[in-house]
Amino acid sequence: MTDQNLPPSPISPTIDLDADGTQHGFLRLPYSRDDSAWGSVMIPICVIRNGKGPTALLTGGNHGDEYEGPVALFDLARTLEPKQIGGAVIIVPAMNYPAFRGGTRTSPIDKGNMNRSFPGRPDGTVTQKIADYFQRSLLPRADLVLDIHSGGKTLDFLPFCAAHVLPDKAQEKKAFAAVAAFAAPYSNRMVEIDTVGMYDTAAEEMGKTFITTELGGGGTARAATVRIAKRGVRNVLRHAGILEGEIEQAPTRWLDMPTADCFAFAETGGLIEPTIDLGEPVNEGDVLARIHPVDRTGIAPQVIRAAMSGILAARHFPGLVQTGDCAAVIAMLR
Ligand code: ZN
């Protein structure tokens, strides 16, 4: 997929990505602007390496308002010691760093959604330049890729680790073995609704073992979901044979999100009334939420119903909803 004629990336690491030991530094992206002529975006990166072995690439903050990933990965970068591992761990706690600093899903610089920007461009926007650096410099180094998401400000999820249904069944099997090792309360087998430009797709097309998560949401982190993220990253490193020690087991329930019927969208704006909570069972046709018009009294709400049976896996988080918002997501119990 990579165009061999592309110019080199403008991003330069301030550390030697191949050195043994722990390197803390930055991916420096030149970004000249009003408040900083010849300034740069400095994206924190940490590489911990001990000799030969597999490489894991761990990322959070692909969307800037999702916090379990950055919390777990800043913590891991500070505490993981080279002597505990064989191989390498590349940690980028906040991949779309301008979005992370802005507390927003997309970049405040260019409105770029990192997870719709792959393979990126070395001569594109700031977000596209970061994507291009991952595409051509970081992903090729990795054997296993874990990208930690949560719901952000507008969604709230049951905590799950997930991988995708893939055409290469051997690759798919490796991904689901890594999902099992993460040991989130839920493990999800997903078919994406919109794969173009996703980091997931870029990694999978390179043949990497790629897993992701949704660990909560609402634009914050919770104690329980942070614990899940911290345990999960270390479990995945143990599973990959990089980190010493046994996998810390925890019960998980397997989910399937096989079709677009999982997703229910608002067809009107207004005040959303949830009628079931996350994790509760639903039958096809059940009411998931009602959206009340807010302009005046006396108007019936729009009723959002389940197109399939399962459990409520995600819901719109803010109390007000717009037309087109994802109101609810159902997953099937396996
Ligand atoms: Zn996300």
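Throughout, read-outs are computed from the coordinates displayed, never taken from laboratory work. All values derive from a computational prediction rather than experimental measurement. As a convention, Cβ positions derive from the backbone with ideal geometry for all residues, glycine included, and neighbour counts pool all protein chains shown.
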Going by amide H atoms built from the backbone, whose H comes under 5 Å of the H on Arg253, apart from near neighbours? Tyr186, Ser187
Within the chain, helix-based [θ] at 222 nm, where runs of 4 or more DSSP H residues each add -39,500 (n - 2.57), nearest 500: -5500 deg cm²/dmol
Among Ala88, Ala240, Ala224, residue whose mean-square fluctuation peaks in a GNM of the chain (springs only between Cα atoms under 10 Å): Ala224
On Cα atoms only, tilt of 68-79 relative to the major axis of the chain in degrees: 30
Helix 223-239: inclination vs the chain longest Cα principal axis, degrees, rounded to 10, gives 50
Cα-Cα longer than 21 Å, checked against Lys52/Lys230; Lys111/Lys153; Lys129/Lys173; Lys174/Lys208, kept in input order, equals Lys52/Lys230; Lys129/Lys173
Starting with the fewest neighbours, write out Met190, Met114 ranked by other beta-carbon atoms found within 10 Å of each beta-carbon. Met190, Met114
Protection proxy ranking of 127-136, 257-266, 167-176, 321-330 - average other beta-carbon atoms within 10 Å, highest first: 127-136, 321-330, 257-266, 167-176
All other residues with a Cβ under 11 Å from the Cβ of Gly310 taken together, and with Lys, Arg as +1 and Asp, Glu as -1, what is their net charge? -4
Is the shape of segment 138-269 best called rounded, prolate or oblate, per the rule: a/c under 1.5 gives rounded, else a/b larger than b/c gives prolate, else oblate, with a ≥ b ≥ c the square roots of the Cα gyration tensor eigenvalues? oblate
Explain nothing, just compute: Karplus ³J(HN,Hα) = 6.51 cos²θ - 1.76 cosθ + 1.60, θ = phi - 60°, for every residue of segment 150-155 in order, whole Hz, x for Gly and Pro. 9, x, x, 5, 10, 10
Alpha-carbon spread of the chain, three principal axes, descending order, Å: 66, 51, 37
